[in-house]
1. Of the labelled options [x] 53, 44, 41; [y] 46, 45, 42; [z] 91, 43, 40, which one gives Cα extents along the principal axes in Å as computed for this structure?
2. Nearest 500 deg cm²/dmol is fine: what mean residue ellipticity at 222 nm does the chain get from its DSSP H runs of n ≥ 4 alone, each adding -39,500 (n - 2.57), divided by its residue count?
3. Would any residue of segment 107-128 have its amide N under 19 Å from a label point 7 Å out along Cα→Cβ of residue 222? List them or say none.
4. Give, in nm to one decimal, the length gained when the segment between residue 69 and residue 240 is fully stretched (0.36 nm per residue of separation minus the Cα-Cα distance).
5. Could you pull out every whole DSSP H run in the chain that spans at least 20 Å of Cα extent along its own axis and averages -0.5 or higher on the Kyte-Doolittle scale?
6. Residue 279's amide H: which non-local residues (gap 5+, or another chain) put their own amide H closer than 5 Å, with H modeled 1.01 Å from N in plane and none for Pro or chain starts?
7. For segment 112-153, list residues with backbone N below 14 Å from a point placed 7 Å from the Cα of residue 40 toward its Cβ?
8. Give the separation of the Cα centroids, segment 31-88 to segment 124-177, in Å.
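Only the coordinates and a few stated rules stand behind these numbers; no lab work does. Note that this is a predicted model, so its numbers are computed, not measured. No Cβ is skipped: glycine too gets one built from the backbone with ideal geometry, and neighbour counts run over all protein chains shown.
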Amino acid sequence: MKTLFIIIQYLLPQHLLSRVVGKLAETKIFWLKNLLIERFIKQYGVDMSQAAEEDHRYYATFNDFFTRELKPGARDICPDKSEIACPADGAISQLGDIRDGRIFQAKGHEYSLFTLLGNNNEDALPFRNGKFATVYLSPKDYHRVHMPMDGKLIATHYIPGQLFSVNQNTAENVDSLFARNERLVCLFDTEAGPMAMILVGAMIVAGIETVWGGQIAPPPKTVQSQRFDTPLTVELKKGEEMGRFKLGSTVILLFGEKAMEWLPAFDAGTETRMGEALGKVA
């Protein structure tokens, strides 16, 4: 069944299916969007008690519900400046060392840092022997992504690609999964040096948004890069929202060599909460 699931993903019109679902997720037909939300809450056991608006009927569209805001104080941001906060609710897929430009994906699978960052040597070089963490956001999770530490945005690269699902099955069976899927690379300057946050799209993920640029994906299927120099300076504080997923998916964090360490409490499969300490600056 696992093999069949992978084969079906190769055969499906991934982008067309995702865009159709995206249109459905934006419907404002009252009974239809309520039905979609109710079924979703029941299917995935979504905890609405933490949402700023608990009544699911309040949301104008399914996407509004999916990207719902949390109540003030629902997440504590680790206060120590040397601590690196987890960017999202979810679970650790993998974390560890980047070895000579290769990132561990799952048993028997690695992928290229260079490819992940859009085949840009200048951007990839600072992370060549650094650290990575892959955080998977499940359907029931809070789907806004927040800053792990204070950062100044240097550049973004939207990289078109495929839209495989990003669950454990595909991670174990699709080569270079995260470097093949559609993604948005965000490069920051921080107290720990260069930091990259990569927001990875997936099957039926209908959009990736940032707080500075609105919806980034899906744009035309070409690489789109932007440098953020004066007067386009974007500076975000630790714990501030930086982006969100409309359905899905995965966040990959990158740091440079000897810049930081992940806390030993975290390993593959460990659940995460946005704002908790995930690592420490060296």
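1. The value matching this structure is [x].
2. On the way: 8 runs with 60 residues, N = 282.
Helices in the chain give a 222 nm mean residue ellipticity of -5500 deg cm²/dmol.
3. The answer is 118-120, whose backbone nitrogens lie closer than 19 Å to the label point.
4. Numbers: separation 171, 0.36 × 171 = 61.56 nm, distance 1.25 nm.
Length difference between fully extended and current span is 60.3 nm.
5. 30-44
6. Those qualifying (amide H under 5 Å, at least 5 residues apart or on another chain) are 84, 263.
7. 138-144
8. The distance from the Cα centre of segment 31-88 to that of segment 124-177 comes to 20 Å.
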